[in-house]
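Student: Before I ask anything, let me first share the structure, which is written out below as structure tokens.
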């Protein structure tokens, strides 16, 4: 039994891959890589830094002396300075040039961007897997008629595949947004204490070209194409807001999907996967609770509400910077990504194993098909010379009476028999049975599904490569 709190995102929901991205190990290794890139570039631009000093820094890039860093932080109350000293304790010859000309945000902000970019790449891959699952599902059931709902009341028919295409389109929009944010990320670069690069001007004796070259080269060494053109001590926190808002978008899509499945599972039409030995309720042994989708809505709600946090952080930054973002961002950025990772793990699991109860769907279609057929009957009667307004009123009255019998007495739907027995519809009586074809009431649902899901299959999924494998904690 553990005697200290551990975040459920690490213990229960997120994969080891995402946990490592936001780990202390990854962060501090990234800091050391940034210090090495800075020293290398300064040396290339003429600063007196030896090859031996660079090699010594490289030697200890991944060998972090955490106990020494912790001792220094206890004394200095400053995590960056603690790790500078700890690095210097190992790379003693390089100690005088570690962090030369930089400010704390050189490592913290640049590392945060690098970490978020890696996390976005993982998220993007999982979105692709969700899209592949939904695409396969939509195309498989593109022509299966099902009762459509508006206001969760029976409406015109659609198809199971067309309904899935709505979920797919939401996730597609999320993928586009994540890709945009991932591709658009820039590093803070080497900007100095207030973003003016004054310390680097001193270092290079006022040579502005070398200062620019330092900024560009460090960025390229760290795998990026550009730095932000202007910063204060930090890059603008609106960047965090935009990135984390993309995660909120994913949460919105997942929440909508999960709620739809919960409704459909109640109708016994479509169900989330349910394993042979799974227990639905500790009290009611017969229950098949939609626990995966409920978990999805719970995690999604956390992400959507947490997305307010970076908005306030961006608004609260004073002038060139204030430190009240620091503790906040340590929690908010990491945990939103960990939650999104956990959410997508379940999203993948559910979409890969959806159970379609075709017989139940067909029964519901048969029960409602007579109501859906009334428009076709009305049109045919008008073509045969009938009065549209009079016929509409008669059909409305028959519909209300049939519905009342169904609700009050539980009797089968006898609407068609009522219409057949009404002399006002005698002209089309012989063809009424042929009009009760659910497939004819789904409009262009099958065509729309084939067009959009086919586009996703043939372009996006084939271009990005196959299914992304994930370690799932569901």
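A short reminder: the numbers here are calculations on the coordinates, not readings from a lab. No experiment lies behind these values; they were computed from the predicted model shown. A quick note on method: Cβ atoms are made from the backbone with ideal geometry, for glycine too, and the neighbour counts reach across all protein chains shown.
Student: Tell me, what are the semi-axes, in whole angstrom and largest first, of the equivalent ellipsoid of the range 36-137 as set by the roots of 5 times the Cα gyration tensor eigenvalues?
Tutor: Equivalent ellipsoid of the range 36-137: 36, 18, 12 Å, largest first.
Student: What percentages, rounded to whole numbers, describe P(r) for the range 360-441 computed over all alpha carbon pairs with 10 Å bin width beginning at zero?
Tutor: Calculated over all Cα pairs of the range 360-441, the distribution is 18, 52, 26, 3 percent.
Student: Further question: Mind jotting down the distance between the C-alpha centroids of the range 159-211 and the range 1-71, whole Å?
Tutor: What the calculation gives is 21 Å, centre to centre.
Student: Rank these for me by crowding, 3, 225, going from fewest to most other beta carbons within 10 Å.
Tutor: 3, 225
Student: Another question, then. Can you tell me which of 433-440, 208-215 comes out highest on packing, and rank the rest after it, using the mean Cβ neighbours within 10 Å?
Tutor: Ranked by mean Cβ neighbours within 10 Å, highest first: 208-215, 433-440.
Student: Using only Cα atoms, what Kirkwood radius does the range 335-474 have, in angstroms?
Tutor: Evaluated over the range 335-474, this radius sits at 19.3 Å.
Student: Averaged over all directions, how much area does the convex hull of the C-alpha atoms of the range 283-378 cover when projected, in nm²?
Tutor: Spelled out: convex hull of the Cα atoms, projected over all directions, averaged, 12.8 nm².
Student: Tell me, 455, 224, 241 in order of fewest to most beta-carbon neighbours within 10 Å?
Tutor: 455, 224, 241
Student: Next question, about the same structure. So what's the convex hull volume per residue for the Cα atoms of the chain, in Å³?
Tutor: Taking the convex hull of the Cα positions in the chain, it is 204 Å³ per residue.
Student: Using Cβ contacts closer than 10 Å as the measure, can you line up 294, 271, 404 from fewest to most?
Tutor: 404, 294, 271
Student: How large is the Kirkwood hydrodynamic radius of the range 112-223, in angstrom, based on all distinct alpha carbon pairs?
Tutor: Radius from the Kirkwood sum: 18.1 Å.
Student: Using alpha carbons only, how many degrees (0 to 90, rounded to 10) separate the axis of helix 79-90 from the longest principal axis of the chain?
Tutor: Helix 79-90 sits roughly 50 degrees off the main axis of the chain.
Student: To continue, here is another question. Can you give me the relative contact order of the chain as a percent, contacts being Cα pairs under 8 Å and 6 or more apart?
Tutor: Values: 613 pairs, mean separation 97.2, N = 474.
Taking the mean separation of contacting Cα pairs over the length of the chain, I get 21 percent.
Student: Which whole-number percentage describes the relative contact order of the range 360-441, with Cα contacts under 8 Å and a sequence gap of 6 or more?
Tutor: Relative contact order comes out at 42 percent.
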